[in-house]
Amino acid sequence: MPLVTSKEMFEKAYKGGYAIGAFNVNNMEIVQAITEACKEEKAPVILQVSKGARAYANHTYLVKLVEAAIIECPDIPVVLHLDHGPDFETCKSCIDGGFSSVMIDGSSNSFKDNIELTKKVVEYAHAHGVVVEGELGTLAGIEDDVKVEEGESSYTRPEEVEEFVTKTGVDSLAIAIGTSHGAYKFKPGSKPQLRFDILEEVSRRLPGFPIVLHGSSSVPQNYVEMVNQFGGAMPGAIGVPEDQLRHAASLSVCKINIDSDLRLAMTGTIRKYFAEHPEKFDPRDYLKPARANIKELVRHKLIDVLGCAGKA
Ligand code: G3H
Ligand code: 13P
Ligand code: ZN
């Protein structure tokens, strides 16, 4: 099956009370781990590429890796999505370069400027058969080397969403309800709690419209402990409880972004491998178990968190 947009995926996910996993890809092993899990679990998937991923791996390599995955997994729908597109030019480059979906992240602009920028991207994208995700509200955490302090983050204002969606024509909307980027989402000792009241008010104002959650890694404590046990130092890394993500997926959230969890699985596994096999130096030896653990983690997300296993 060729690349698809997320339009039909989101319609089915909304009606079915589940969400599609949007996983960030930066190299071959990560692409393989995600798509093999999705193939085995018959799950639709969004593979997403950030500005940093394009800088690291190169646009063409990433597109070709995704094309290879499509050949290997012909029965599952795959979307290739630009994550956090920073400007019109980057979105245009991805639209022209074979992506089926882009995000324009105008959330740090004024409401008016965000609308203007997002509308411009939507016009270009739709003319080329590509769908667009916009964002309202600012998440805390780090993305593409930009650090947003907790005090500078802001929840989405539900009273703005109808005007934003109507004026821009976006196909999905990322909102801020307490998730954040990276591995340090909540203070140790605090009780993580997403603002479901905001999500419900947004959904009431936008019936049937697909909502996106960024910053939705749950930061599995077994991998945090693995990192810390084998030479790392990630004290107090805490993520979003998986039962809250599952609840969000049963509501209007149709896309859940997960990146840090995969990074943790990879890093923890490699650290452990090196500690236990100090004589090894063939990258295949340590990338193989890392890939296998990412695959199992993705499988768990598909089945227990997103609810999208069997929906391909
Ligand atoms: O939200 C950001 C994603 O985790 C991508 O991270 O910008 O380091 O590639 P990156
Ligand atoms: P995490 O850092 O929680 O994995 O979020 C990833 C993300 O939002 C990518 O856009
Ligand atoms: Zn994000």
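Quick notes on this structure:
- Residue under evaluation Phe281, criteria (1) over 17 Å from the mean Cα position of the chain (by Cα); (2) within 13 Å of ligand 2 (Cβ to nearest atom), criterion not met: (2)
- Residue list for region 247-298, filter: in a loop (DSSP other than H, G, I, E, B) and either modelled with pLDDT under 95 or hydroxyl-bearing (Ser, Thr, Tyr) (or both): Ser252
- Residues (within 15 Å of ligand 3 (Cβ to nearest atom) and of a type in the set (Gly, Ala, Ser)) located in region 9-29: Ala19, Gly21, Ala22
- Screening the candidates Glu29, Glu8, Glu89 for the property of being at pLDDT 95 or above, open to solvent by 10 Å² or more (accessible area, probe 1.4 Å), out of contact with any strand residue (DSSP E or B) (no Cβ under 9 Å at 6 or more places or on another chain) and within 16 Å of ligand 1 (Cβ to nearest atom) yields one hit, Glu29.
- Residue, least open to solvent (accessible area, probe 1.4 Å), within region 222-238, restricted to residues that are part of a loop (DSSP other than H, G, I, E, B) and in contact with a helix residue (DSSP H, G or I) (Cβ under 7 Å, 6 or more places away or on another chain): Ala237
- Residue satisfying condition, being in contact with a Phe, Trp or Tyr (Cβ under 8 Å, 6 or more places away or on another chain) and among the aliphatic types (A, V, I, L, M), within set Val148, Val202, Val170: Val170
- Test for Pro74: is it open to solvent by 20 Å² or more (accessible area, probe 1.4 Å) and within 26 Å of Gly310 (Cα to Cα): yes
The values are calculated or read from the model by the stated rules, or taken from the named source; none is laboratory data. Quick caveat, the model's predicted, so the values are computed rather than measured. All Cβ positions, even for glycine, are placed from backbone atoms using ideal geometry, and neighbour counts span all protein chains on display. The protein model used for the area step is the full one, side chains on, heavy atoms only, and it has no ligands, DNA or RNA in it. Shrake-Rupley method; radii C 1.70, N 1.55, O 1.52, S 1.80 Å.
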